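To start, the structure itself, in structure tokens.
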Amino acid sequence: MKAKTDVCIVSPSGKLYGSEQVLKDFLKNSNKDYLVFCPSNSILFDVLRQETNRHIHMVFSNHIMLYFQIFFLLLLKKTRTVYVNEGGHIRYVKLLATLFPKNLFYVHIRIVEDTLKSRLQKLKSNVRLISISHFIQDKLKLEGYDSALIYDLYDSNNGDSASYQFLKPHLHLINVGFIGRITNTKGLPKIQSLIEHVDNYYPNKFHFHFFGEIDSNEQSVLACLNNISTLENVEVTFHGFVKAKEEIYSKINVAVHLSTIEALGRIFFEALDYKTYFIGFNKGGIGEIASTLGLSNYMINDNSAWKEEICSKIINLIDKDDRAVEIYENAVSVMKSKFSTENYVSSLECLLIDNESFVCRSA
């Protein structure tokens, strides 16, 4: 018998990106029942209905109708606490918080853009922020906001993890993967710069694979990808969005992520889960994860020599570093403990249900 709560959960996006995957895993592993709002006819709604069907799922066709529904739930005292899984809807939350000063409103801040004072402005005392990393928490602090810190969970979706191994294949051609949406905010300009460097100095040594939707609304993104596709001394393949993770990781030897402002970096966890080496900048959330997992020496510095450094580190990792397998295997063990589902569920519910303390626990 699951315990019912008077907590209303809102996921404004109908996609299934990192924040929505974390929410799905939270709902799957909680022993409580929640009222969950998500967009109708969305990927997220279909997944939640299939995998978390014990919860009450409410759908909305537009954001105005969503917050009207929540308004009446609060007015009729059908819910006590509202939790919004991302920060983009802060203006709606602030309006509800003004109308219902005795209720609590939690907003999970997951990207750097949502830490800005120009977006958050003045918050009521019943609006409380949750950070997913020290990096985000420090950004908020610089803007004058307190927040609770709860590291995102990583719930392994790899049911056959024992069949995957970190390898030292000594390859003539190294397969490097960029995984996730192809946008400027995900480091695309640096990706272009890296591939051009490889084209000039490491001909026919690397094959770059892109897995993710292309942000076709940004002309700069399309121009960047067009430039990459014309290079002659490096192989580049655009696979588009690939749902099956095993299909992605069976094609690559190293996953690379070149954003310097990533709030945490779920892709880091996912790559390790599939026993694939991961390299990124030793900054932001990626640097924070690397430090926690003992992988800082495998990350790269954000300086003028970064392109040569990453090429050298990838080649060394694949062909020469005899301790890499042991170090990355140990990182997987630490990851499963530090970023566990149990830690996340208990920490978030400590805030949402028990309200024991604003800064309840850092994972």
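The values are calculated or read from the model by the stated rules, or taken from the named source; none is laboratory data. Please read these numbers as outputs of a predicted model, since none were measured by experiment. Don't worry about glycine lacking a Cβ; one is built from the backbone with ideal geometry, like all the others, and counts go over all protein chains shown.
Only residues that are of a type in the set (Gly, Ala, Ser) and farther than 13 Å from residue 264 by Cβ: list them for the stretch 99-132, please.
118, 125
Looking at the stretch 195-222, I want the residues that are in the same structural domain as residue 314 (by TED's automatic domain parsing) and under 21 Å from residue 308 (Cα atoms) and have a partner that is of a type in the set (Val, Ile, Thr) and in a loop (DSSP other than H, G, I, E, B) with Cβ atoms under 7 Å, at least 6 apart or on another chain. Which pairs are those? These pairs meet every condition: 195/234; 198/234; 199/234; 206/234; 208/234; 209/252. Would a scan of the stretch 277-299 turn up a residue that is under 30 Å from residue 35 (Cα atoms) and in the same structural domain as residue 185 (by TED's automatic domain parsing)? The answer is no; no qualifying residue exists.
Out of 46, 33, report the one residue that is surrounded by fewer than 20 Cβ atoms within 10 Å (Cβ to Cβ) and in a strand (DSSP E or B).
Details: 46 fails: in a strand (DSSP E or B).
Of the residues listed, the single one that is surrounded by fewer than 20 Cβ atoms within 10 Å (Cβ to Cβ) and in a strand (DSSP E or B) is 33.
Suppose the filter is closer than 30 Å to residue 51 by Cα, in a strand (DSSP E or B) and either modelled with pLDDT under 95 or outside the structural domain of residue 263 (by TED's automatic domain parsing) (or both); does residue 108 pass it? Yes: the conditions hold for residue 108. If we scan the stretch 8-29, do we find a residue that is over 28 Å from residue 242 (Cα atoms) and surrounded by fewer than 16 Cβ atoms within 10 Å (Cβ to Cβ)? Within the stretch 8-29, not a single residue is over 28 Å from residue 242 (Cα atoms) and surrounded by fewer than 16 Cβ atoms within 10 Å (Cβ to Cβ). A single member of 167, 149 is closer than 23 Å to residue 267 by Cα and out of contact with any strand residue (DSSP E or B) (no Cβ under 6 Å at 6 or more places or on another chain), and it is 167. Within the stretch 238-252, restricting attention to residues that are within 15 Å of residue 208 (Cβ to Cβ) and out of contact with any Phe, Trp or Tyr (no Cβ under 7 Å at 6 or more places or on another chain), the residue that is surrounded by the fewest Cβ atoms within 10 Å (Cβ to Cβ) is 240. Within the stretch 259-270, the set of residues being under 12 Å from residue 178 (Cα atoms) and either at pLDDT below 95 or touching a Ser or Thr at 6+ places or on another chain (Cβ under 8 Å) (or both) comprises 259, 267. Residue 252 passes all but one of (1) touching a residue at least 60 places away in the same chain (Cβ under 8 Å); (2) of a type in the set (Val, Ile, Thr); (3) under 28 Å from residue 112 (Cα atoms); (4) in a loop (DSSP other than H, G, I, E, B); which number fails? With respect to (1) touching a residue at least 60 places away in the same chain (Cβ under 8 Å); (2) of a type in the set (Val, Ile, Thr); (3) under 28 Å from residue 112 (Cα atoms); (4) in a loop (DSSP other than H, G, I, E, B), residue 252 is out only on (3). When the stretch 45-72 is filtered for residues that are within 24 Å of residue 90 (Cα to Cα), touching a residue at least 12 places away in the same chain (Cβ under 8 Å) and aliphatic (A, V, I, L, M), the ones remaining, listed by number, are 48, 56, 58, 59, 66, 70.
Given the conditions (1) touching a Pro at 6+ places or on another chain (Cβ under 9 Å); (2) not assigned by TED's automatic domain parsing to the domain that holds residue 256, and given that residue 318 satisfies all but one, which numbered condition is not satisfied? All conditions are met except number (2). For the residues 116, 75, the requirement of being farther than 24 Å from residue 260 by Cα and without any contact (Cβ under 8 Å) to a residue 40 or more places away in the chain singles out 75.
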